[in-house]
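**Student:** Questions regarding the structure given below will be posed in turn.
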Amino acid sequence: MNLFVGLDVSQKKTAVCVVDASGAKVCQASIETSPQAIYQFLVEKGFTHSKIGMEKGLYRDWETSKPTDRKSKRLNSSHSR
């Protein structure tokens, strides 16, 4: 099943919405704004092969930084996981 993850990032919390190919909502949550928290949420929910879309804004820089810049795995909106 193709799943798509939308991230609406703010300073303290990130709204996450997962939809299927038809646009039906599969999961919705509000989690801590950090690459580690987002990654952990997606892995725990089994959304490891989803396409990720993120708003363009202030918090996008950490999302596209090199994995060597931090210990967690990179989330990249241009690749499937």
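The values are calculated or read from the model by the stated rules, or taken from the named source; none is laboratory data. Note that the coordinates shown come from a computational prediction; the quantities given were computed from them, not determined experimentally. Heads up, the Cβs are rebuilt from the backbone with ideal geometry, glycines too, and the neighbour counts pull from every protein chain shown. Side chains are part of the model used for accessible areas, which takes the heavy atoms of the whole protein and leaves out ligands, DNA and RNA. Shrake-Rupley method; radii C 1.70, N 1.55, O 1.52, S 1.80 Å.
**Student:** Look at ALA29 and say whether it is modelled with pLDDT of 90 or more, loosely packed, with under 15 Cβ neighbours inside 10 Å and touching a strand residue (DSSP E or B) at 6+ places or on another chain (Cβ under 7 Å).
**Tutor:** yes
**Student:** Considering VAL18, VAL43, which residue is of a type in the set (Val, Ile, Thr), exposed (fewer than 14 other Cβ atoms within 10 Å of the Cβ) and at pLDDT 80 or above?
**Tutor:** Numbers: VAL18 fails: exposed (fewer than 14 other Cβ atoms within 10 Å of the Cβ).
Among VAL18, VAL43, only VAL43 is of a type in the set (Val, Ile, Thr), exposed (fewer than 14 other Cβ atoms within 10 Å of the Cβ) and at pLDDT 80 or above.
**Student:** Does any residue in the range 19-43 that is of a type in the set (Lys, Arg) come within less than 6 Å, Cβ to Cβ, of a residue that is at pLDDT 90 or above and surrounded by 12 or more Cβ atoms within 10 Å (Cβ to Cβ) six or more places away or on a different chain, and which pairs are these?
**Tutor:** LYS25/VAL19
Yes/no per residue for (1) aliphatic (A, V, I, L, M); (2) open to solvent by less than 20 Å² (accessible area, probe 1.4 Å); (3) modelled with pLDDT under 90:
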site: ASN2; (1), (2), (3): no, no, yes
site: GLN11; (1), (2), (3): no, no, yes
site: GLN36; (1), (2), (3): no, no, no
site: GLY57; (1), (2), (3): no, no, yes
site: GLU63; (1), (2), (3): no, yes, yes
site: ASP69; (1), (2), (3): no, no, yes
site: SER77; (1), (2), (3): no, no, yes
site: ARG81; (1), (2), (3): no, no, yes
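**Student:** Let me ask something else about it. When residues of the range 23-42 are filtered for being among the hydrophobic types (A, V, I, L, M, F, W, C) and under 10 Å from the mean Cα position of the chain (by Cα), how many remain? Steps first, please.
**Tutor:** Step one: of the range 23-42, the residues among the hydrophobic types (A, V, I, L, M, F, W, C) are 24, 26-27, 29, 31, 37-38, 41-42.
Next cut, under 10 Å from the mean Cα position of the chain (by Cα) only: 37-38, 41-42.
Count: 4.
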